[in-house]
Amino acid sequence: MRTGVRRRMGVEERRQQLIGVALELFSQRSPDEVSIDEIATAAGISRPLVYHYFPGKLSLYEAALKRASEDLASRFDEPREGPLGARLLRVMGRYFDFVDEHGPGFSALLRGGPAVGSSATNALIDSVRQAAYDQILSHLGVTEASPRLELVVRSWISLAESTALIWLEGRRVPRAELEVQLVHDFAALAAVSAVHDEDMAELLRTMVKDEPADGTFAVLAGRLIALGS
């Protein structure tokens, strides 16, 4: 019986291993702080072998970013069942799971990192935002957004990003509260837009039509009413 023999990986298997190792390291620290030597050591191979599979750290970062962006985009997948507020709250829970797990990498991606500004990186960031946008429209039962609805949804996606980045700086606000707050923010953005547009008003009525008395949107309405009393 042979022992201690390391199985030789195929090219694609080794590439995927390196991407996984890099993603793990980038999740712990900003990509700028992670060296090729660290990646090689964590993968159990030599530095020159890393360069055999990737021309440099930038290309490896972009490959890791692609995997991370696909993961993040998938967090917006949600069955169209039950009240919209509850659905959005589950989405926010998965979104913040990702932010929590990949904090430094998430921050580096949106604030600055070794590949930020490249066409490949911008395309990946845009693909996540577009996936989120398409999912929200799907939950609203809309195939083509009006200009006002597009403004509401894209503004909310940007708000979720900036909220997550600020939260990562010190986690000074309980995460669960922020998740609820972001769902309330969506309803508030829609409500303000509805004041100015009848189509948005009709959409808002549809949003809250099946909302239970203890639902996320209903809780917001109750608190707002209480503030004025």
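Just so it is clear, none of the values below were taken in a lab; they were calculated from the coordinates. Just so it is clear, the structure is predicted and the values come from calculations on it, not from any experiment. As a convention, Cβ positions derive from the backbone with ideal geometry for all residues, glycine included, and neighbour counts pool all protein chains shown.
Below is a table of values for the structure above.
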read-out: Contour minus Cα-Cα distance for ASP32 and ASP77 (0.36 nm per residue); value: 13.1 nm
read-out: Highest-fluctuation residue, ILE166, ILE125, ILE136 considered, GNM on the chain with Cα pairs under 10 Å; value: ILE166
read-out: Gain in span if fully extended, SER155 to ASP197, counting 0.36 nm per residue against the direct Cα distance; value: 13.4 nm
read-out: Rg [Å, one decimal], Dmax [Å, integer] - the chain, C-alpha atoms; value: 21.4, 80
read-out: Mean-position separation - Cα centroids, the range 53-108 and the range 119-134, in angstrom; value: 11
read-out: Mean residue ellipticity (222 nm) of the chain, computed from DSSP H runs ≥ 4 via -39,500 (n - 2.57), nearest 500; value: -24000 deg cm²/dmol
read-out: Segment ALA226-SER162, extension gain: residue separation times 0.36 nm, minus the distance between their alpha carbons; value: 20.2 nm
read-out: Rounded D (µm²/s) - the range 37-159, Kirkwood Rh over Cα pairs, Stokes-Einstein at 25 °C, 0.890 mPa s; value: 150
read-out: Projected area, mean over directions - the range 1-70, Cα convex hull, nm²; value: 5.3
read-out: FRET E, pair MET9, ARG90, Förster distance 35 Å, beta-carbon r, rounded to 0.05; value: 0.40
read-out: Helical segments meeting 20 Å axial Cα length and Kyte-Doolittle -0.5 threshold in the chain (DSSP H); value: 11-28, 57-74, 84-101, 119-140, 147-168, 175-196
